[in-house]
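**Q** Right, I'll just put the structure down here and ask away after.
The values are calculated or read from the model by the stated rules, or taken from the named source; none is laboratory data. As the structure is a computational prediction, the values presented were derived from the model and not from experiment. Cβ coordinates were reconstructed from backbone atoms using ideal geometry, including for glycine residues, and neighbour counts include every protein chain displayed.
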Amino acid sequence: AQKVTQAQTEISVVEKEDVTLDCVYETRDTTYYLFWYKQPPSGELVFLIRRNSFDEQNEISGRYSWNFQKSTSSFNFTITASQVVDSAVYFCALITQGGSEKLVFGKGTKLTVNP
Amino acid sequence: DGGITQSPKYLFRKEGQNVTLSCEQNLNHDAMYWYRQDPGQGLRLIYYSQIVNDFQKGDIAEGYSVSREKKESFPLTVTSAQKNPTAFYLCASSTDYVGGIYEQYFGPGTRLTVT
């Protein structure tokens, strides 16, 4: 069975601090895809990144970066120099090819960035 | 502007009444999905559809029904059989269901309150 664990329920930081959101996944399939979504207070989930299991390159997009490590089954998300607009709930999700092929979400991490 | 629309944003119903939530997309996506989100929880899949006139149960389909008569539309009916219908409902779509290769895009959600 597939499972995604986001152990940090809530994180609070002060603006300009760096913050890392943890994501640990479980799957027996060798082909899978990992995602991060942002859910601002408005409620709509916003897609941030997709990573497949064969691509362990880290990715950077502006202030966002992602660290994918198959050895530890982790796909962590770092926000550099956080801003108030980064305040949201962030979800990590997993889908496997050959398994259930359903997107499995973690329970989310609520990030609050204080001015 | 391409996207997914859900209406209404807020919906109130009396217990025992069926209610239908609307979801429309103009992204020309083949696959559509319905998720339920409860406070502090991740998203749980209710139903999904890969093509017109076909749909599959997700993890929590009991008490819900759907139809997919048009590619653009995937309405969800919350029936009186659903024991705890009060929740935030999110609709999503993706380019191609196969293997979950493509990311899902989400609508703004409908917050349903049943009293």
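**Q** Just checking, how many residues over the stretch A:41-54 are farther than 19 Å from A:N76 by Cα and either in contact with a strand residue (DSSP E or B) (Cβ under 9 Å, 6 or more places away or on another chain) or of a type in the set (A, V, I, L, M) (or both)?
**A** Final tally of qualifying residues: 3.
**Q** Right, here's the next one. Report those strands (runs of 3 or more DSSP E) wholly inside the stretch A:22-82 carrying at least 2 residues which are under 28 Å from B:L90 (Cα atoms), touching a residue at least 40 places away in the same chain (Cβ under 8 Å) and hydrophobic (A, V, I, L, M, F, W, C).
**A** Ranges flagged: A:32-39, A:74-79.
**Q** When the stretch B:73-98 is examined, which residues are found to be exposed (fewer than 15 other Cβ atoms within 10 Å of the Cβ) and facing chain A (nearest Cβ under 9 Å)?
**A** The one that is exposed (fewer than 15 other Cβ atoms within 10 Å of the Cβ) and facing chain A (nearest Cβ under 9 Å): B:V98.
**Q** Just checking: which of the strands (runs of 3 or more DSSP E) contained wholly in the stretch B:4-53 hold 1 or more residues that are touching a Gly at 6+ places or on another chain (Cβ under 7 Å)?
**A** B:4-7, B:19-25, B:43-49
**Q** Out of everything in the stretch B:38-72 that is within 14 Å of chain A (Cβ to nearest Cβ) and charged (D, E, K, R), what residue ends up being surrounded by the most Cβ atoms within 10 Å (Cβ to Cβ)?
**A** It comes out as B:R44.
**Q** Could you tell me whether any residue of the stretch A:75-89 is more than 8 Å from chain B (Cβ to nearest Cβ), at pLDDT 95 or above and under 15 Å from B:G42 (Cα atoms)?
**A** yes
**Q** In the stretch A:34-75, what count of residues is obtained for those that are within 30 Å of B:R111 (Cα to Cα) and of a type in the set (S, T, N, Q)?
**A** Adding up the residues that qualify gives 2.
**Q** Look through the stretch B:27-37, keep the residues that are surrounded by fewer than 18 Cβ atoms within 10 Å (Cβ to Cβ) and in contact with a strand residue (DSSP E or B) (Cβ under 8 Å, 6 or more places away or on another chain), and return whichever of them is nearest to the other protein chains (Cβ to nearest Cβ).
**A** B:L27
**Q** Separate question: Any idea which residue in the stretch A:94-108 is modelled with the lowest pLDDT, counting only those that are touching a Phe, Trp or Tyr at 6+ places or on another chain (Cβ under 7 Å) and at the interface with chain B (Cβ under 8 Å from one of its Cβ atoms)?
**A** Among those that are touching a Phe, Trp or Tyr at 6+ places or on another chain (Cβ under 7 Å) and at the interface with chain B (Cβ under 8 Å from one of its Cβ atoms), it is A:Q97.
**Q** For B:E62, state whether it is of a type in the set (D, E) and modelled with pLDDT of 95 or more.
**A** Yes: the conditions hold for B:E62.
**Q** With the requirement that a residue be at pLDDT 95 or above and within 12 Å of A:I95 (Cα to Cα), what does the stretch A:1-33 give you?
**A** A:V4, A:Y25, A:E26
**Q** Return the only residue of A:T96, A:T72 being of a type in the set (S, T, Y) and more than 25 Å from B:R44 (Cα to Cα).
**A** On inspection, the qualifying residue turns out to be A:T72.
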